[in-house]
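Following: one structure in structure tokens, then a few remarks.
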Amino acid sequence: DVKVTQSSRYLVKRTGEKVFLECVQDMDHENMFWYRQDPGLGLRLIYFSYDVKMKEKGDIPEGYSVSREKKERFSLILESASTNQTSMYLCASSPLGVGGSRNEQFFGPGTRLTVL
Amino acid sequence: ILNVEQSPQSLHVQEGDSTNFTCSFPSSNFYALHWYRWETAKSPEALFVMTLNGDEKKKGRISATLNTKEGYSYLYIKGSQPEDSATYLCGRNTGTASKLTFGTGTRLQVTL
């Protein structure tokens, strides 16, 4: 079974802190994604990566950066956390494989981040 | 339709009822439509990935249809059970990398 794990289920940080959210997948997937989920807004893509050291902005990248130094690990960084970044953050991965961009995404359990 | 839209926003049915939801999306630049089920305190899980106009897919009591020309997909649940209670998300892929644009989801609650 594909497994996507995230470093924390719950996290509380203070405004201005630098925050790292870690995601690890164990199925050698090329693609990895970071989403945030807010009530009434659904899942919104922050950043994605299709290869090591490659990254592309999603729909709401402002205030975030990412790092992908190894294929299995994709980190989301909040350089200076703000209260409007309080949200549920979900990581996902998918293979490039036969289906290409039609392949399903496999999600982690999410990190609920609260910024005070 | 400019974005992916799902309706209804929420739904409350009784055990045994059949139900359906709609996902509407721009019909241009269509590549694939994904359906996911997201149960509380769990990770979203893929139900279907649909690519061709007229596609119909089935998994147990859940099925889905796709109309790419008019830009919609229906998800049907036959004989709803309490374990079907979840948020159902659809996501559209335009072929640009593997990006998905999701709707806001339909939250289904099934009671005894």
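Taking the mean number of other Cβ atoms within 10 Å as a proxy for protection, how do you rank A:89-96, A:44-51, B:5-12 from highest to lowest? If you can, show how the numbers build up before the last one.
Working: A:89-96: 24.2, A:44-51: 20.0, B:5-12: 14.5.
The peptides rank, most packed first, as A:89-96, A:44-51, B:5-12.
Counting only residues 5 or more places away or on other chains, whose amide H sits under 5 Å from the amide H of A:Tyr47 once H atoms are built in the peptide plane?
A:Trp34, A:Gly58
What's the buried accessible area, both sides, between A and B using a 1.4 Å probe, rounded to 100 Å²?
Values: alone 6520 and 6500 Å², together 11150 Å².
Using a 1.4 Å probe on protein heavy atoms, the buried area is about 1900 Å².
Per residue, what accessible area does segment B:31-106 have, given a 1.4 Å probe and all protein chains present, in Å²?
Working: 3250 Å² over 76 residues.
Per-residue accessible area for segment B:31-106 comes out at 43 Å².
Among DSSP beta bridges lying fully in segment B:6-109, give the percent that are antiparallel, nearest 5.
On the way: 35 of 38 bridges.
Antiparallel bridges: around 90 percent, rounded to the nearest 5.
When only the heavy atoms of the protein chains count and the probe is 1.4 Å, how do B:Lys42, B:Lys78 rank by accessible area, highest first? Each step should come with its number before you reach the end.
Numbers: B:Lys42 115, B:Lys78 145 Å².
Largest to smallest exposure gives the sequence B:Lys78, B:Lys42.
For segment A:23-68, which residues drop by 40 square angstrom or more in accessible area between the chain on its own and all protein chains together (1.4 Å probe)?
When all protein chains are present, A:Leu43, A:Phe48 each give up 40 Å² or more of accessible surface.
Per residue, how big is the convex hull of the protein assembly as shown when only Cα atoms are used? Give it in Å³.
On the way: hull volume 27.4 nm³, N = 228.
About 120 Å³ per residue, rounded to a whole number.
Which aspartates and glutamates, on any chain, are close to B:Lys78 with Cα under 20 Å apart, when same-chain ones fewer than 8 places away are left out?
Answer for B:Lys78, where 20 Å is the Cα cut-off: B:Glu15, B:Asp17, B:Glu39, B:Glu45, B:Asp55, B:Glu56, listed by chain and number.
What whole number of Å gives the distance from the Cα centroid of segment B:64-112 to the Cα centroid of segment A:1-61?
That distance is 22 Å.
Would you kindly calculate the translational diffusion coefficient of chain B, applying Stokes-Einstein with the Kirkwood radius from alpha carbon pairs, for 4 °C and a viscosity of 1.567 mPa s, and quote it in µm² s⁻¹ without decimals?
93
Tell me the label-point distance for the pair A:Ser80, A:Lys18, using the 7 Å Cα-to-Cβ offset, in nm and rounded to one decimal.
Distance between label points: 1.3 nm.
What is the local net charge at A:Gln6, summed over the other residues whose Cβ is closer than 12 Å to its Cβ (Lys, Arg +1; Asp, Glu -1)? Let's see the in-between values first.
Values: positive: A:Lys3, A:Arg9, A:Arg73, A:Arg112; negative: A:Glu22.
Once all neighbours under 12 Å are counted, the net charge is +3.
Which whole number gives the average, over all residues in B:102-112, of C-beta atoms from other chains lying within 10 Å of the residue C-beta? Walk me through the numbers on the way to the answer.
Details: counts 8, 2, 7, 5, 0, 0, 0, 0, 0, 0, 0.
Rounded to a whole number, the mean comes out at 2.
Quick check: from the Cα gyration tensor, does segment B:63-112 come out rounded (a/c under 1.5), prolate or oblate?
On the way: a/c = 3.29, a/b = 1.88, b/c = 1.75.
Prolate.
What base-10 log of the normalised intensity I(q)/I(0) is obtained for segment A:14-116 from the Debye formula, alpha carbons as equal point scatterers, at q = 0.14, 0.20 Å⁻¹?
Debye output, listed in q order: -0.50, -0.99.
Heavy atoms only, probe 1.4 Å: what % of the accessible area of the protein assembly as shown goes to carbon and sulfur, would you let me know?
On the way: 5230 of 11150 Å².
Reported share for carbon and sulfur atoms: 47 percent.
How shielded is B:35-45 by partner chains, expressed as the average number of their Cβ atoms within 10 Å of its Cβ atoms?
Other-chain Cβ atoms within 10 Å of each residue's Cβ, averaged: 4.
Around A:Asn31, which amide H atoms from residues at least 5 apart in sequence, or from another chain, sit under 5 Å from its own amide H, with H modelled in the peptide plane?
A:Ser94, A:Leu96
Label point 7 Å out from A:Asp26 along Cα-to-Cβ: which residues of segment B:14-40 have amide N under 12 Å?
None, by backbone N distance to the label point.
The values are calculated or read from the model by the stated rules, or taken from the named source; none is laboratory data. Being a predicted model, the structure only gives us computed values, none of them experimental. Glycine also receives a Cβ, built like all others from the backbone with ideal geometry; neighbour counts cover every protein chain displayed. Quick note on the areas: whole protein, heavy atoms, side chains included, nothing else; ligands and nucleic acids left out. Shrake-Rupley method; radii C 1.70, N 1.55, O 1.52, S 1.80 Å.
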